[in-house]
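A quick write-up on the structure given underneath.
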Amino acid sequence: MSQPLDALTRSLLRAAGKAGADGADAKAVRATSVSVDVRGGALEQAERAEGIDIGLRVFVGQRSANVSASDTSERTIEEMAERAVAMAKEAPEDPHSGLAAPDQLATDWDIDALELYDATPEPSPADLQQDAVLAEAAALAVKGVAQVQSASAGYSAQDVHFATTNGFEGGYARTDRGLSCVAIAGKSSGMERDYDGDSRIFQSDLRDPHDIGTSAGERALRRLDARKPPTGAYPVLFDERISSSLIGHLLGAVNGMAIARGASWLRDALGQPVLPDSLSLIEDPHRPRTSGSRPFDGEGLPTARRLIVEDGVLQGWTLDLATARKLGLSSTGNAARSTSSGPSPTNWNIELTQGEQTSDDLIRDMGTGLLVTSMIGSTINPNNGDYSRGASGLWVENGEITHAVNECTIAGNLRDMLRAIVPANDARAHLSRVVPSLLVSGMTLAGA
């Protein structure tokens, strides 16, 4: 029987102490993943992976180092600790590094309330293959779809355990079940592709394969006969599938690492309006059955619901212990870490206030402009928020979709764009980032 993860993390901490560390934290992850790809109704590829990763971060005074391994033998653990301490002694001093104070640590949580683990049996490769075959068949049944590039199904399960020398210890398990399909429509040089997919913690929540395949095929058809749009200033509607990228730029700008470096276009915006007055941006790491939920962060601090933006006004930064100390603030419980790296500030589940109109309403009201359904590349100036991205989607004329659009660039300034967004009411509530379609008026389009 493999060694329990809690025993592994304790062994890592004991070894760190014996090697001369002043403090340490340890993380162990046991993971299983299965993935299946089909093509032409037949199995094309199947993979299964199992393993344990362990990571140890040690502190020697104000110096630190991180090491990791996939071998869990006692000899490896002892060698890891010795190597980590030797590395830490050579590292530069960081006055902001260190473990949390004991009174900062999480002491109580209800892991069952988060519903991160589906206890139903792991799906067999045959079950996964069948889901992928059904999705592929549904896409091919859409008239005009020439082929399916890929149809894939997968499952993963993780056990995570974390412990520190200052008294924290905790763990949890999580599962994920996914299905996706990429369809291709058209012929020769006029081919276009699009996709659909779903990922859920619980198998019972996963969308029907027929629905996913049909949607992928229909989306590919909508992209045929694309043209370049005219150049000029037009309203742009970011489809719900990609609208969270706009909010992602805001989240990146209020990340403690960017603020501490002074490399953020929102570095002076605390307490100022950054969204329309009617909108708030909420982080909630305790939403059940959501991939971004967790009971504690990567430094053992409790996670909690917080307002990042309230009624349009920026309320605070996203901080781990080190960035909080640099800024003279307190951690927001947002440290994330892998076994091979130290913590960094990361957002959990995000939800933007939804509007009262449907995306069809916004299309009708925008007059003439662009509905963006996919983007490639980006040029974002982190210091002033200048924004430029390649885009494709659907052209809207007099409130109606007329044809597909590709090979264009949309540009603006994020500060101005986010202050002017108009949200629809079409956000999917199960996603980690619940962001509806977003309309931005007056963006610059460069096309024909």
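Some points to look at:
- Residue within segment 358-375 that is of a type in the set (A, V, I, L, M, F, W, C), more than 24 Å from Glu310 (Cα to Cα) and under 21 Å from the mean Cα position of the chain (by Cα) present: yes
- Only residues that are among the polar types (S, T, N, Q) and either open to solvent by less than 70 Å² (accessible area, probe 1.4 Å) or farther than 13 Å from Pro125 by Cα (or both) were counted in segment 35-53, giving 1.
- Qualifying position, being of a type outside the set (Asp, Glu) and free of Cβ contacts under 8 Å to residues at least 60 places away in the same chain, among Leu307, Leu275: Leu307
- Residues that are within 28 Å of the chain's Cα centre (by Cα) and of a type outside the set (A, V, I, L, M, F, W, C) were ranked within segment 66-107; the one that is surrounded by the most Cβ atoms within 10 Å (Cβ to Cβ) is Asn66.
- Scan of segment 250-291 for residues that are open to solvent by less than 10 Å² (accessible area, probe 1.4 Å) and touching a strand residue (DSSP E or B) at 6+ places or on another chain (Cβ under 8 Å), ordered by number: Leu250, Leu251, Val254, Gly256, Ser264, Leu266, Ala269, Val274, Leu275, Leu279, Leu281, Glu283
- Among the residues listed as Leu314, Leu321, Leu301, Leu307, the single one being hydrophobic (A, V, I, L, M, F, W, C) and closer than 21 Å to Asp112 by Cα: Leu301
- Restricting segment 292-303 to residues that are in a loop (DSSP other than H, G, I, E, B) and within 18 Å of the chain's Cα centre (by Cα), the residue that is surrounded by the fewest Cβ atoms within 10 Å (Cβ to Cβ): Gly292
- Look at segment 1-29: where a residue is without any contact (Cβ under 8 Å) to a residue 24 or more places away in the chain, no partner that is open to solvent by less than 30 Å² (accessible area, probe 1.4 Å) sits 6+ places away or on another chain with Cβ atoms under 7 Å.
- Residue in segment 55-110 that is farthest from Asp22 (Cα to Cα), counting only those that are in contact with a helix residue (DSSP H, G or I) (Cβ under 6 Å, 6 or more places away or on another chain) and free of Cβ contacts under 8 Å to residues at least 40 places away in the same chain: Ala69
- Failed item, numbered, when Ala263 is tested on (1) among the hydrophobic types (A, V, I, L, M, F, W, C); (2) closer than 14 Å to Ile350 by Cβ; (3) touching a Pro at 6+ places or on another chain (Cβ under 6 Å): (2)
Conditions tested, residue by residue: (1) outside any strand (DSSP E or B); (2) closer than 14 Å to Asp239 by Cα; (3) open to solvent by 30 Å² or more (accessible area, probe 1.4 Å); (4) among the hydrophobic types (A, V, I, L, M, F, W, C).
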| site | (1), (2), (3), (4) |
| --- | --- |
| Trp348 | yes, no, no, yes |
| Leu362 | yes, yes, no, yes |
| Gly377 | no, no, yes, no |
| Asn384 | yes, no, yes, no |
| Val396 | no, yes, no, yes |
| His403 | no, no, yes, no |
| Glu407 | no, no, yes, no |
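- Those residues of segment 410-429 which are open to solvent by 50 Å² or more (accessible area, probe 1.4 Å) and touching a strand residue (DSSP E or B) at 6+ places or on another chain (Cβ under 9 Å), in sequence order: Asp416, Arg419, Val422, Asn425, Arg428, Ala429
- Listed here are the helices (runs of 4 or more DSSP H) enclosed by segment 163-280 that have at least 2 residues being polar (S, T, N, Q): 209-222, 244-253.
- Test result for Gly217, more than 30 Å from Gly17 (Cβ to Cβ) and in contact (Cβ under 8 Å) with a residue 40 or more places away in the chain: yes
- Test set (1) part of a strand (DSSP E or B); (2) polar (S, T, N, Q); (3) within 30 Å of Leu99 (Cα to Cα) - Thr339 fails condition number: (1)
- Criterion: under 19 Å from Tyr172 (Cα atoms) and within 32 Å of the chain's Cα centre (by Cα) - qualifying residue of Arg48, Arg63, Arg30: Arg30
- Check on Gln129, in contact with a helix residue (DSSP H, G or I) (Cβ under 9 Å, 6 or more places away or on another chain), over 20 Å from Phe202 (Cβ atoms), in contact (Cβ under 8 Å) with a residue 60 or more places away in the chain and not small (Gly, Ala, Ser): no
- Residues being of a type outside the set (Val, Ile, Thr), open to solvent by less than 30 Å² (accessible area, probe 1.4 Å), closer than 15 Å to Leu362 by Cβ and assigned to a strand (DSSP E or B) - total across segment 430-448: 3
- Residue match in segment 360-381 (condition: modelled with pLDDT of 95 or more and over 30 Å from Gly190 (Cβ atoms)): yes
The values are calculated or read from the model by the stated rules, or taken from the named source; none is laboratory data. Just so you know, these numbers come straight off a predicted model, no measurement behind them. No Cβ is skipped: glycine too gets one built from the backbone with ideal geometry, and neighbour counts run over all protein chains shown. Side chains are part of the model used for accessible areas, which takes the heavy atoms of the whole protein and leaves out ligands, DNA and RNA. Shrake-Rupley method; radii C 1.70, N 1.55, O 1.52, S 1.80 Å.
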